[in-house]
Amino acid sequence: MPGDPPSGRTRFSFARTYAIALKEFVQMRRDRLTFAMIVGIPIVQVLLFGFVINSDPKSLPTAVVDYDRTEFTRSIAAALANTGYFAFVPSPASVAEVDEMLARGEIQFAIVFPAGFSRELVRGERPSALVAADATDPSATGNALAALSQVSTVALSHDLSGPLSALAPAPLPFMLDIQRRYNPEGVTEYNIVPGLLAVILQLTMVMMTAFAVTRERERGTYEGLLATPVLPFEVMAGKIAPYIVVGLIQSVIILLAARYLFNVPMVGSLLLLGATMMLYIAALLGLGFAISTLAANQLQAMQMTFFFFLPTMLLSGFMFPFRGMPLWAQALGEIFPATHFLRIVRGILLKGNDAADVAAHVWPIALFLVAVGSVAMWRYRQTLD
């Protein structure tokens, strides 16, 4: 009767199922990008989550300004180094230089011993030493600051002997005046919400642009674009321009939410932030356009986007302290524009950084833009040929 299944197809067949499964495996093997994702994503996740994620960063760069220069201050500095949390950099000349290094993010801690520190300590006056911490990321400094309480009690245990043994029983022969700069209360939102500006822009800008060429290829309109006398750079600029406006709208929404919903302080220049944001958006759109020229379809474009997005989230310092990662991971993280823009946006909003302070993070983003833009135009020219 009409509609009845053909003879031999009324029962489940392992042979037919095996044939279909074999066909799928063959197609999967031919799709090199999908096959690479199947193997690559587990490897990347194991490496990143196993080696990179560290909520207890050690060897944090620390500058010491010692106006006293005695055996007592040297013993305290040695005790700090023995905790494993503090790694001393070449000593700056003054407190003003230390403040600049903290503002630029070159150091995590600064320790200042005032002149006469040892004289007051010998007199039993419990002098104070300043410990200034860059607290923009509370998770990066929390454990290190907690270790300071132990340093105060054991740092001078060998020095306070003999005639000075009377000072040893005192619970705190000296004081550490801790300053949590830029985020005194350790509010997590002050660190996370500005960072969302970099993360959200990266996800939306790269993904939307990655579909630019692949969408036209799938719809059959790509051949018409190739027939026009349009230069590769003109195609790239025309594809990117609308999304720059989209990126700016998203940025305004995020900044308004940061200010009025989460009370994030905005100390620096919003004009400077806008200028660096334009460069960052352009770099992301250039990357998206490069992906669109490499991917054969929109599925591949999405796969490549997420393959880039995952390590960026973990290596940029958004989710976990950047200085808590091993050196090889830090070197890899420096490649991503999100790493530098995170430092720019946090520096401008929380620290009040000026153009000179953020310049060290602007040129890597510009270099990334040139690199991905060159790849995009080269691949597009190959398509034209």
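The values are calculated or read from the model by the stated rules, or taken from the named source; none is laboratory data. As the structure is a computational prediction, the values presented were derived from the model and not from experiment. Here the Cβ positions follow ideal geometry from the backbone for every residue, glycine too, while neighbour counts run over all protein chains shown.
Some points to look at:
- Of the criteria (1) within 30 Å of E218 (Cα to Cα); (2) over 10 Å from the mean Cα position of the chain (by Cα); (3) surrounded by 19 or more Cβ atoms within 10 Å (Cβ to Cβ), which one A296 fails: (3)
- Number of the condition not met by L271 [criteria: (1) in contact with a helix residue (DSSP H, G or I) (Cβ under 8 Å, 6 or more places away or on another chain); (2) of a type outside the set (F, W, Y); (3) more than 30 Å from N54 (Cβ to Cβ)]: (1)
- Residue match in the stretch 47-66 (condition: loosely packed, with under 14 Cβ neighbours inside 10 Å, modelled with pLDDT of 80 or more and either among the charged types (D, E, K, R) or more than 23 Å from D137 (Cα to Cα) (or both)): yes
- Within the stretch 123-141, the set of residues being of a type outside the set (S, T, N, Q), in contact (Cβ under 8 Å) with a residue 24 or more places away in the chain and farther than 19 Å from A78 by Cβ comprises G124, R126, A132, A133, D134, A135, D137, P138, A140.
- The listed residues are I365, I335, and the only one of them that is surrounded by fewer than 24 Cβ atoms within 10 Å (Cβ to Cβ), within 28 Å of F86 (Cα to Cα) and either touching a residue at least 12 places away in the same chain (Cβ under 8 Å) or small (G, A, S) (or both) turns out to be I335.
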